[in-house]
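Before any comments, here is the structure.
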Amino acid sequence: MKVLAIETSCDETAIAIVEAEGDEQSAQFRVLGNALLSQIEIHKEYGGVFPALAKREHAKNLVPILEAALEEAELLHEDTQAIPEETREKIVKLLEREPGLEEQFLEFVSECEAPEIDVIAVTTGPGLEPALWVGINFAKALALLWNKPLVAVNHMEGHILAALLSEEKRGEEFSISNLQFPILALLISGGHTELVLMEEWLSYKLIGQTRDDAAGEAFDKVARMLSLPYPGGPEISKLAEELREAGEASEFTLPRPMLHDATCDFSFAGLKTAVLNLLKTRADITARERQHLAREFEDAVADVLWKKSARALEDTGAQTLVLGGGVSANTHIRREFAHKMKVEHPGVALRLPSPALTTDNAIMIALAGFYRARRQDFAADIRANGNRSLSS
């Protein structure tokens, strides 16, 4: 099965074409084409993602990204194609809210053959709804023109499946197999911090979640307090690692919110406020103090994430722990989880995503699209849902 996947949930425009075969016990994947364009540089001046701007950039970039992915996959074949008037009118209606996309789209598809793909998968949530709608309407237009089935993909399911991939082999070939259930997933990103249990394949139960800020959001807000550039997570991590490499402990002490609470829920708003209050006592923070504060903040986040995950492992009896989402790329968090798992839960498998697949990408959407397509989970009238949950 060849899956063309589209991801526009936030500030990455991504399209991938993945060839997949197998079943839920063992599946193999080969990435035929993968194109991604990040908007980070555009959003830096806002200190975060500006939804209307993200929507505009997706509309501008989807056709070039599609062309690049198809060309890499060797599925781009030039040929003049006549589009039936009724189909053209439907496409125009679908894309009318995306300035410039309709013209680009019709020009491109009228000059190439329909590619040999079997299904189109698109992210429908969670995420920024204006951004999600651009990808959804683009996917609908392609499905209509090429007469292909559509699969609506949960973005967070994509993150889980990306972490379950085996080590890369022979370039762009992967597999998912030999899984031990139940599987507990810690999903940590700019918008999400939650623990989700998968007792049966693709069936989820929410175990714990943040009651306020997500971990990635806290990283970005604290980075802003420290006058570090956006995105803040990598900048804080860089400063913290410099201090660790120097063998210095932090001179500051920050709270670990809800660390001893009996639930598996998280809270990071108090930690963020503690940083703000500390900075108010210092009129002018030095570069060295910034390093110390970055390390203590990162240590605090890692401590809370591990403690809650360990409690969830005990409560659920999970045999596999998965980390997914953008914050799962954090070097210290990955290192801490690898060490703690070996010491405290040696019988539980730890699955960490490849760093390249921690941020938003279309490969993970293709994985979810494949498994959903195998179940004939197709839908013609899909809609964006910015708050879409895995457990509902």
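Here, each number is a calculation from the coordinates, and none is a lab measurement. These numbers were taken from a predicted model, which means no experiment stands behind them. For neighbour counting, all protein chains shown are included, and Cβ atoms are generated from backbone atoms with ideal geometry for every residue, glycine included.
Ranked by Cβ crowding within 10 angstrom, fewest neighbours first, how are Thr286, Thr359 ordered?
Result, fewest neighbours first: Thr286, Thr359.
In the chain, what % of DSSP beta bridges are antiparallel (nearest 5)?
Approximately 65 percent, going by the DSSP bridge assignments.
Semi-axes of the equivalent ellipsoid of the range 50-103: what are they in whole Å, largest first, if each equals the square root of 5 times a C-alpha gyration tensor eigenvalue?
22, 19, 6
Report the full-extension gain for the segment Ser227 to Asn277: residue separation times 0.36 nm, less the Cα-Cα distance, to one decimal in nm.
16.5 nm
Gaussian network model of the chain, Cα springs within a sub-10 Å range: biggest mean-square fluctuation belongs to which of Ser38, Ser189, Ser203?
Per the Cα network of the chain with a 10 Å cutoff, Ser203 tops the list.
Calculate the spin-label point distance for Glu107 paired with Trp146, positioning each point 7 Å from the Cα along the beta-carbon direction, and give it in nanometres.
2.1 nm
Quick one: net charge of Leu350's neighbours, Cβ under 12 Å, K/R +1, D/E -1?
Surrounding charge for Leu350 is +3.
What angle do you read, to the nearest 10 degrees and between 0 and 90, between the alpha-carbon axis of helix 215-225 and the longest principal axis of the chain?
Approximately 70 degrees, to the nearest ten.
If you take the Cα Rg of the range 301-351 and divide it by 2.2 N^0.38 Å, with N the number of residues, what do you get?
1.04
Answer with one residue from Val134, Ala373, Pro229: the one whose Cα lies farthest towards the positive end of the charge dipole of the chain, charges on Cβ with Lys, Arg +1 and Asp, Glu -1.
So the residue furthest toward the plus end is Pro229.
Using a 10 angstrom cutoff on alpha carbons, build the Gaussian network for the chain and name the most mobile of Ile117, Ile15, Ile188.
Maximum fluctuation in the GNM of the chain, among the listed residues, is at Ile117.
If you average over every viewing direction, what projected area does the convex hull of the Cα atoms of the range 144-256 give, in nm²?
Projected over every direction and averaged, the Cα hull of the range 144-256 covers 12.6 nm².
With the Cα gyration tensor of the range 80-162 giving a ≥ b ≥ c as the square roots of its eigenvalues, does the rule (a/c under 1.5 for rounded; else a/b larger than b/c for prolate; else oblate) give rounded, prolate or oblate?
Cα axes put the range 80-162 in the oblate bin.
Let a ≥ b ≥ c be the square roots of the eigenvalues of the Cα gyration tensor of the chain; is it rounded (a/c under 1.5), or, if not, prolate (a/b larger than b/c) or oblate?
prolate
Rounded to the nearest 20 Debye, what is the dipole magnitude of the chain about its Cα centre when Lys and Arg each give +1 and Asp and Glu each give -1 at the C-beta?
1400 debye
Choose one answer from His345, His332, His159: the residue with the largest mean-square fluctuation in a GNM of the chain with alpha-carbon springs under 10 Å.
Result for the chain, Cα springs under 10 Å: His345 fluctuates most.
Ignoring solvent entirely, what values of log10 I(q)/I(0) come out of the Debye formula for the range 180-352 at 0.19 Å⁻¹ when each Cα is a single scatterer?
So the normalised log intensities are -1.21.
So for the pair Ser389, Ala349, with labels modelled 7 Å out along Cα→Cβ, what separation do we get in nm?
Simple spin-label model gives 2.9 nm for this pair.
On a 0 to 90° scale, report how tilted helix 129-146 is relative to the longest principal axis of the chain, with both axes built from alpha carbons and the result rounded to the nearest 10.
30 degrees
Using label points projected 7 Å from each Cα along Cα→Cβ, tell me how many nm separate Arg288 and Lys342, to one decimal.
So the two model labels end up 3.3 nm from each other.
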